Amino acid sequence: MSHEHTVTSSHKITPDFALHPKLYSWLVQYLKLKEPVNIEAREMGCADDSCPIIETIFTIEQGNNKQFFKVARAIKNISKNDIYFSVQKQVL
Ligand SMILES: [Zn+2]
């Protein structure tokens, strides 16, 4: 089976993001972001409903600086620990 993953949803992450109200503050904290910052999140997954793999790619923009950050979970399931461990694994 092929696993060509495409964007399944896309969101702007703000302090009052309804799907996950803590996400913005955790990203600012663990990625040591300086506000104001623009954070977009795209969930990537299969058209195949039986595929359990969903990952979230964050695009973080501060002024002219743009960086990407990946967490191997759907947005609503991202925990503080997921962000912490993803930061350890990825060089931004
Ligand atoms: Zn897949």
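Quick note: the coordinates plus some simple rules give every number you see, no bench work behind them. Note that the structure is a prediction, hence the values are computed from the model and not measured. Heads up, the Cβs are rebuilt from the backbone with ideal geometry, glycines too, and the neighbour counts pull from every protein chain shown.
Per-structure values
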| quantity | calculated |
| --- | --- |
| Angle in degrees between helix 80-89 and the longest Cα principal axis of the chain, rounded to the nearest 10 | 90 |
| Taking the chain and dividing mean pair separation by its residue count, relative contact order in percent (alpha carbons under 8 Å, at least six apart) | 25 |
| The chain: most fluctuating residue of Ala74, Ala18, Ala41 per GNM, C-alpha cutoff 10 Å | Ala18 |
| Residue-by-residue Karplus 3J(HN,Hα) for the stretch 49-61, coefficients 6.51, -1.76, 1.60, Hz, glycine and proline x | 5, 7, 7, x, 7, 10, 10, 10, 10, 9, 10, 10, 10 |
| Whole-Å semi-axes of the chain's equivalent ellipsoid (Cα gyration tensor) | 23, 13, 13 |
| Partner lysines for Lys80 [C-alpha distance under 17 Å; skip if fewer than 8 residues away on the same chain] | Lys22, Lys32, Lys70, Lys89 |
| Cut-off 12 Å between beta-carbons: net charge of the residues surrounding Gly63, Lys and Arg +1, Asp and Glu -1 | 0 |
